[in-house]
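Colleague: Pasting a structure here, questions to come.
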Amino acid sequence: MKNLVLNITNGDAFNAYFLSKFSGIAVPFREAMMDGDAVSSIFSDDFIRLRSKELEVTFEEYRANMLFCDELNKNDYSGLCLWFGKDTFCQINLLTLLAYLEQIEYHGDVMLNYIDDETFDIVQSNIGVELGIYKKLYEEILIFKKKPSEVGVLSPRAIELYFDYISDENLLAKTVRENFDRTDMEIILILLENSKEYGLSDIQAKKIIERNKRYD
């Protein structure tokens, strides 16, 4: 199928927006790679077993959410258009996706659009992505937890915040401990307000509270 382009979006909310505003095929990338561990063979059975445990879903449920993998296997797409935010949540997912494209030796064109996660406005468009460094970056950052010297099309700020997020004394953990006398809902709202660059979900905020809240 010549000139068939697949749009891969940063999640269900923007995917629904895309389908309502634009024409074309679009599938969401459903993950939260900034939390938990990873293995080198992306979306292998070992990967899915590890990630489904982290996300508290079954192997089958995780596999059913891998729509973009199914689409890539189903059709010979000449190009991919990726739609992601610049927050840490989106950037670590984007890193995983780019590493996966290298893993499967995808040879089509890859274009990246950066969007505002709240307004869905396009911040930067038609950024050409040259594959070749992202599998190494994925292993360096997500497996060996080492800060890279270059990040390609990724946001350096987002990668910097990832290493803060996984540290024992990260900003969000300190925020929880400083507000331990408040209710969980109050702390969640504080975390979400103070973590826009991280792109946290309410589920992630709850996990941070569980790990760090002190009860006197």
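Colleague: Compute the FRET efficiency between D202 and E118 as 1/(1 + (r/R0)^6), taking r as their Cβ-Cβ distance and R0 = 22 Å, and round to the nearest 0.05.
Modeller: With R0 = 22 Å, the Cβ-Cβ based efficiency is 0.90.
Colleague: Can you give the longest stretch of the chain with no exposed loop site, where a site means chymotrypsin sites (Phe, Trp or Tyr not before Pro) in a DSSP loop (not H, G, I, E or B) with at most 16 other C-beta atoms within 10 Å?
Modeller: On the way: sites that count: F22, Y106, F120, F144, F180, Y215.
Answer - 23-105.
Colleague: Any idea what the dipole of the chain comes to, in debye rounded to 20, about its Cα centre with Lys/Arg Cβ at +1 and Asp/Glu Cβ at -1?
Modeller: Value, rounded to 20: 160 debye.
Colleague: OK, next. For the stretch 10-56, list log₁₀ I(q)/I(0) at each q in 0.17, 0.21 Å⁻¹, using the Debye formula over Cα point scatterers of equal strength and ignoring solvent, two decimals each.
Modeller: Those come out to -0.61, -0.74, one per q.
Colleague: Separate question: Net charge near M185: determine it from the other residues with C-beta under 11 Å of the C-beta of M185, scoring Lys and Arg +1 and Asp and Glu -1.
Modeller: -1
Colleague: Apply 1/(1 + (r/R0)^6) to the Cβ-Cβ distance of E210 and E140, taking R0 = 30 Å, and write down the FRET efficiency to the nearest 0.05.
Modeller: That pair, E210 with E140, gives E of 0.55.
Colleague: Testing the spin-label approximation: label points 7 Å from Cα along Cα→Cβ at F59 and K21. State their distance in nm.
Modeller: Each label point is offset 7 Å from its Cα along the Cβ direction, giving 4.0 nm.
Colleague: Let me ask you something else. Report the local net charge at R49: Lys and Arg +1, Asp and Glu -1, summed over other residues whose C-beta lies under 12 Å from its C-beta. Numbers along the way, then the final one.
Modeller: Details: positive: R51, K53, R63; negative: D37, D45, D46, E54, E60.
For residues surrounding R49, the net value is -2.
Colleague: Among the DSSP beta bridges whose two residues both lie in the stretch 30-179, what percent are antiparallel, rounded to the nearest 5?
Modeller: Antiparallel bridges: around 40 percent, rounded to the nearest 5.
Colleague: What number do you get for the stretch 1-128 when its Cα radius of gyration is normalised by 2.2 N^0.38 Å, N = residues?
Modeller: 1.03
Colleague: Under a 1.4 Å probe, what is the accessible area of the stretch 134-216 per residue, stated in Å²?
Modeller: Each residue of the stretch 134-216 exposes 59 Å² on average to a 1.4 Å probe.
Colleague: If the convex hull of the alpha-carbon atoms of the stretch 88-160 is projected onto planes in all directions, what is the mean projected area in square nanometres?
Modeller: On the way: hull surface 19.9 nm².
Spelled out: convex hull of the Cα atoms, projected over all directions, averaged, 5.0 nm².
Colleague: While we're here: Where in the stretch 120-164 are there GluC sites (Glu not before Pro) that are in a DSSP coil and have at most 16 other Cβ atoms within 10 angstrom of their Cβ?
Modeller: E130, E150
Colleague: Roughly how many whole Å is it from the C-alpha centroid of the stretch 117-145 to that of the stretch 30-49?
Modeller: Value for the Cα centre distance between the two parts: 16 Å.
Colleague: Could you check the spin-label model distance between S78 and I166? Points 7 Å from the Cα along Cα→Cβ, value in nm.
Modeller: 3.9
Colleague: Please work out the Kirkwood hydrodynamic radius for the chain, using every pair of different C-alpha atoms, and report it in angstroms with one decimal place.
Modeller: 18.2
Colleague: Roughly how big is the stretch 11-110's charge dipole about its Cα centre, with Cβ charges of +1 (Lys, Arg) and -1 (Asp, Glu), in debye to the nearest 20?
Modeller: Value, rounded to 20: 280 debye.
Colleague: Something else about it: With the contact rule set at Cα under 8 Å and sequence spacing of 6 or more, what percent relative contact order holds for the stretch 40-139?
Modeller: 25
Colleague: Stretched out fully, how many nm does the piece from N3 to I127 gain, at 0.36 nm a residue minus the Cα gap?
Modeller: Working: separation 124, 0.36 × 124 = 44.64 nm, distance 1.81 nm.
Stretched fully, the N3-I127 segment lengthens by 42.8 nm.
Colleague: Give the relative contact order (percent, whole number) for the chain; include only Cα pairs under 8 Å separated by 6+ residues.
Modeller: Answer for the chain is 18 percent.
The values are calculated or read from the model by the stated rules, or taken from the named source; none is laboratory data. Predicted model, so just to flag it, every value in this text is computed and none were measured. Methodologically, a virtual Cβ is constructed for each residue, glycine included, from the backbone with ideal geometry; neighbour enumeration extends over all protein chains shown. The accessibility values were calculated without ligands, DNA or RNA, using every heavy atom of the protein model including side chains. Shrake-Rupley method; radii C 1.70, N 1.55, O 1.52, S 1.80 Å.
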